[in-house]
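Report on the following structure.
The values are calculated or read from the model by the stated rules, or taken from the named source; none is laboratory data. This one's a predicted model, so the numbers in the text were calculated from it and none came from an experiment. Every residue, glycine among them, receives a Cβ derived from its backbone with ideal geometry; neighbour counts consider all protein chains shown.
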Amino acid sequence: MSIQPTSKDQSRRTPKRLIAAVTRQRAIRFPVKLPVRYKIGEEFGWGELVNISSSGALFTTERTLPVRKGVELCIHWPALLLEAVPLNLVAKGPIVRVEPGRAAVRILKYEFRTASSSFLREASMPECRSNRIALQAASTDGFSLQVQVANQAMQRVGV
């Protein structure tokens, strides 16, 4: 004689479901605080990595991101290539969970790339991020964007 759960709530608490929930997060997550730029389609934003594993990452977001959409994360990696060259970890995959101000991605593909000086500057100086985002929103022409950024930089140094 088997006893069947009578309510939806009880069926969620079966030992089989509890074991599945516990084993779902198989990879060890490492808590880290690193700057991250995320890109979905042509839009991008900045955040901070909260934790990462070989199969996923949790990061903060400036806005709510759509679940199941593909995202590319560009993470400023703390280790240097040949003790001299800055690196970025570029990871791609779908967003699997969204919380207020945070999103989780399942990493399907990743690679290390050398980091550009502009990425390093933006990653270390939040004020550069907002200026660049505002300029990109104001200009659809890449050339005029470059001119605006150059003019702004010259004004800062007093040229």
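Only one of Val67, Val50 is at pLDDT 90 or above and farther than 21 Å from Ala123 by Cα. Can you tell me which? Answer to the check: Val67.
State the number of residues belonging to the range 95-115 that are hydrophobic (A, V, I, L, M, F, W, C) and outside any strand (DSSP E or B).
Selection size over the range 95-115: 3.
For the range 103-114, name all the residues that are surrounded by 12 or more Cβ atoms within 10 Å (Cβ to Cβ) and either farther than 19 Å from Ile28 by Cα or of a type in the set (A, V, I, L, M, F, W, C) (or both). Within the range 103-114, Ala103, Ala104, Val105, Ile107, Leu108, Phe112, Arg113 meet the criteria. Under the condition of being in contact with a Lys or Arg (Cβ under 7 Å, 6 or more places away or on another chain) and not in a strand (DSSP E or B), the residues counted in the range 38-66 number 3. Figure legend. Inter-residue proximity from the range 53-77: first residues without any contact (Cβ under 8 Å) to a residue 24 or more places away in the chain, second residues surrounded by 15 or more Cβ atoms within 10 Å (Cβ to Cβ), beta-carbon distance below 7 Å, spacing 6+ or different chains. Indicated pairs: Glu62/Gly45; Glu62/Trp46; Glu62/Gly47; Arg63/Gly45.
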